[in-house]
Amino acid sequence: MFCTRSSSRPVKILSSLFLSVCASTFSVNAQPTNTVSEDSAQPDVLFPVASPQQPQSRLDYALTQPDALNSFRQLCVNATQALCFDVAVDRIYAANGYMPIWESLMLREALYTRLRTLDYAKLMPGMAERIMELEYLEAKQDQRGFDILATDSYLVYQVVMQQMTKRPSLLFRHQTLPQVNHQMLTALETHPVNAFLRIGANEDALMNSLRVNEAEFTVTQRSLLQARRYQDLAPHEYVPTPRLMVREGQLVPNGHKVIEILYQHGDLSEHDYDWLQHEAIITNRGAVHMALQRFQQRNGLHVDGIYGPATSRQLALPYEEVARLIALNLHRNQFGATGAERPSIRVNIPDYHMIITHKDEVVFESKVIVGRTARPTNLFSSALSVMVVNPRWNVPETIKKEDVIPGMKRSPDYLQRKNLTIINSWRDRTEIPADQIEWSTVDPETFPYEFMQGPGPTNALGNVKFLMPNDYSIYLHDTPARGLFNRTKRNLSSGCVRVEKAAELADYILDYQRRSQSYRHFVKTDEIDNINLPRKIDVDFTYVTAWVDENDVLQMREDIYGYDRPIREPVEEKFSTLKNYRRY
């Protein structure tokens, strides 16, 4: 299939002998190959198995026992050959004159990097075996076998990535991705076979298809180093204690297991670990207390050094699970804005934090409050369209049914205390007197009117809200309940996202819109101001529970919605569609 000279790069031979080689190469029952000696004056030609007069393909010996290629059985549906996409691979090599594609070491490493993200994330059964097969063929210096299998693996990767793009909620359902099939390949919007045909032997173009964003690829490589380290650690046997509460100076139960885990996570130094191993008992003081604080800081827990239930649960996470979460979140993190020319707001829900990046720099950040598990914040992408100063609050349907109507049934002055009025509908805002309604007979499911809260200090939206197109009535807003931002765990809202630094965010947006008036100018008028935002600012609501930061420190956050692991009442799939509402 490939032709090489002993002292030069591969030489292309365009003869009829090679025109059918790919289609006939993938026989599972073929025998080990014989090749022409490199000392011969003729090039080392690898002949097709279809010709009975010629030696058989060197690929085929890798398909026989004990060196069988079996990963396709798990990766693909209805595959009868050692490859998932044998026909497509045939087309690619035919168009490329049967020349090798994966000669470059950097190109191979880029492919390995992408495949390992799927392996470590446990998204594709069979991917670990496929990587081992590639490594085996490479170690055997089987250029033909490796090259063909690498090309097939590239197509598998592209199909899988397209499936994620079409249905990203698969990354939040704690299940493996569907096996790939030929229909998935032909249905791709940008067909990788056609891309291969365009790329041909252009190594740079193929590299760019694997390293589309250099900064993202660097983060991926750094993250996989951490994932691999955790993957290679021997499992620990620590079991969390539900009602544990070990304060500073107290004895740590299973202390030697605890310090070993803290050491493996990098929160306890090697010097302190070596010294503590020889102690008969472990107490929560000194190096142990500080290591617990570092662990809590990295995991988004309350940093007090107290060895309590939340810290115990996070310490009990298996190392292999940590590796899985690092890789899984690499895939989750690929969704959202990538352009650096306009500002981009990114809200990471389990981190209770938002940032604005512009031209690859973080220009703003703030704590946020997100939806509780029963009323989660949806995951989606959009762009700010309107900023409303001194807003009214249109009470959402869920809050109307579950909070307002039950509140009126309990207390007749509920509406007055909350500055709420009843209106006929969102289009017809005619006010309905509350005393005309027999509240004891009201059914929340059939109540025909709406509730609206006027501007003022008690308004649930504070002094400003930031609107964006979406189907979920989700937006960013201010809040009068400032004390809630002091909490570590801030999944407290009914879905919308409350911003601690809402005033600073408003000023940033006005400045970017080139408005001369400040945010305070609009607030002081006490009038409702709807400010259009023609200069687009992207917004992405994401769910990332593990990442390696700029200092190569692993950060992890509590899985508040059960997207990493099953919980008793799982969040519905409709909340994790990652639908894109941007129209530019």
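Taken together, the values in this text are just the output of simple stated rules run on the coordinates, not laboratory data. The structure displayed is predicted, hence computed values, not measured ones. Positions of Cβ are generated from backbone atoms using ideal geometry, with glycine treated the same way; all protein chains shown enter the neighbour counts.
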What FRET efficiency would be calculated for the residue pair N424, M245, taking the C-beta separation as r and a Förster radius of 41 Å, to the nearest 0.05?
0.15
Using a 10 Å cut-off around each Cβ, can you sort I148, I259 from fewest to most neighbouring Cβ atoms?
I259, I148
Going by how many other Cβ atoms sit within 10 Å of their own, how do I432, I422 line up, fewest first?
I432, I422
Charge sum, other residues only, whose C-beta stays under 11 Å from D538's C-beta, Lys/Arg counted +1 and Asp/Glu -1
+2
Show which aspartates and glutamates lie in cross-link reach of K359 when reach means a straight Cα distance below 18 angstrom and same-chain residues fewer than eight apart are skipped.
E214, E216, E341, D511, D538, D540, E550
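Net charge within 14 Å of K359 by Cβ-Cβ distance, Lys/Arg positive one each and Asp/Glu negative one each, not counting K359 itself?
Taking every Cβ under 14 Å from that of K359, the sum is -3.
Provide Rg over Rh for segment 405-545; use the alpha carbon set for both Rg and the Kirkwood Rh (inverse mean inverse pair distance).
Details: Rg = 17.8 Å, Rh = 17.8 Å.
Rg divided by Rh gives 1.00.
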For K574, give me every one of the lysines with a C-alpha distance below 27 angstrom, ignoring sequence neighbours fewer than eight places off in its own chain.
K122, K166, K367, K400, K401, K465, K489, K536
